[in-house]
Amino acid sequence: MELEKEGSLNIIGEAGDGNEALAMINKLNPDVAILDFQMPGLTGIEIAEKLSKSGSHTKIILLTMHNEKKIFLKALEVGIEGYVLKNDAVLDIVTAVNRVIDGNYFLSPKLTGLLMEKAKIPVADENLQLINRLTPTEKNIMQLISELNSNEEIAEKLFISKRTVENQKVLLSKKLNLEGAKGLLKFSVKYKEYLK
């Protein structure tokens with residue numbers, strides 16, 4: 001496995017099924033757990049949901065064959081920070097772990113195209129009216145959020161301070177009536193096509 005070749009990472013356990021994985025995460029409290037979307041017993045998403053409710057600090061990377069938008073959005077909803085396609089796992093897994101440990105999100109590059117496809121959003125959707133009221137800078141920030149850039153990366157790309165990015169995110173959440181740390185990310189991904 002690619003992770004074993006990475007000297008800076010320490011693998012502390014492997015599980016045969018979802019129930020064992022959940023018990024092991026609760027016992028060992030690792031920084032990152034890599035879960036398969038489809039495992040015997042609990043699925044990766046079900047484990048992430050349980051960990052999120054229990055207040056666990058373990059960050060989750062989901063390994064999956066699925067490149068469906070609705071599964072990705074569900075994964076975001078339950079607090080999964082990394083989403084890696086199995087076909088790309090050898091190339092992406094080490095990068096995914098390092099980005100997630102640093103507090104960022106990771107998404108297999110092949111999925112970016114999928115998320116850029118126009119979502120089937122009804123034209124009457126009131127969120128589109130809210131988006132139309134955003135300033136070009138606000139739309140830029142949301143576009144960069146939807147591409148999973150960290151606050152530091154957004155600040156660098158827009159030539160503003162990290163503090164400004166953080167303040168803008170708070171204001172954007174209020175403007176768009178969003179709650180929770182992941183609200184702005186989910187909204188940005190869903191309406192990505194309308195932020196241009």
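The values are calculated or read from the model by the stated rules, or taken from the named source; none is laboratory data. Just so it is clear, the model here is predicted, and its values are computed rather than measured. With ideal geometry, Cβ positions are generated from the backbone for all residues, glycine too; neighbour counts draw on all protein chains shown. SASA here: full protein model, heavy atoms, side chains in, ligands and nucleic acids out. Shrake-Rupley method; radii C 1.70, N 1.55, O 1.52, S 1.80 Å.
With the simple spin-label model, which puts each label point 7 Å out from Cα in the Cβ direction, the Lys162 to Asp125 separation comes to 3.2 nm.
Of the residues Leu184, Leu51, Leu107, the one whose Cα sits farthest towards the positive end of the charge dipole of the range 45-196 is Leu184 (charges of +1 on Lys and Arg Cβ, -1 on Asp and Glu Cβ, taken about the Cα centre).
In this structure, Ile12 and Asp102 have a Cβ-Cβ separation that, at R0 = 25 Å, corresponds to a calculated FRET efficiency of about 0.85.
Hey, any idea what % of the chain's accessible area is carbon plus sulfur with a 1.4 Å probe?
Answer for the chain is 51 percent, counting heavy atoms of protein chains only.
Quick one: Cα centre-to-centre distance for the range 123-150 and the range 40-104, in angstrom? Measuring centre to centre over Cα atoms gives 24 Å. Remark: accessible surface ordering of Glu126, Glu138 (largest first) is Glu126, Glu138, probe radius 1.4 Å.
Coupling constants for the range 182-190 follow from the phi torsions by the Karplus curve (6.51 cos²θ - 1.76 cosθ + 1.60, θ = phi - 60°), and in residue order they are 8, x, 5, 5, 4, 4, 4, 5, 5 Hz; glycine and proline get x. Taking the Cα centre of the range 1-111 as origin and assigning +1 to Lys and Arg Cβ atoms and -1 to Asp and Glu Cβ atoms, the resulting dipole is close to 320 debye. Taking each of Lys53/Lys139; Lys59/Lys86; Lys50/Lys70; Lys59/Lys186; Lys27/Lys74 in turn, the alpha-carbon distance tops 28 angstrom for Lys53/Lys139. For Phe106, which sequence-distant residues (separation of 5 or more, or a different chain) have an amide H within less than 5 Å of its own amide H, given hydrogens modelled in the peptide plane? The answer is Gly82, Tyr83. The local environment of Ser150, defined by Cβ-Cβ distances under 10 Å, has a net charge of -2 under the rule Lys, Arg +1 and Asp, Glu -1.
Given Cβ point charges of +1 (Lys, Arg) and -1 (Asp, Glu) and nothing else, what value in debye, to the nearest 20, does the dipole of the chain about its Cα centre take? With Lys and Arg at +1 and Asp and Glu at -1, about 920 debye.
In order along the range 71-79, phi translates into HN-Hα couplings of 5, 4, 5, 5, 4, 4, 4, 8, x Hz, rounded to whole numbers, per the Karplus curve 6.51 cos²θ - 1.76 cosθ + 1.60 with θ = phi - 60° and x for Gly and Pro. The residue among Leu158, Ser146, Leu195 whose Cα reaches farthest toward the positive pole of the charge dipole of the range 143-196, with charges on the beta-carbon of Lys, Arg, Asp and Glu, is Leu195.
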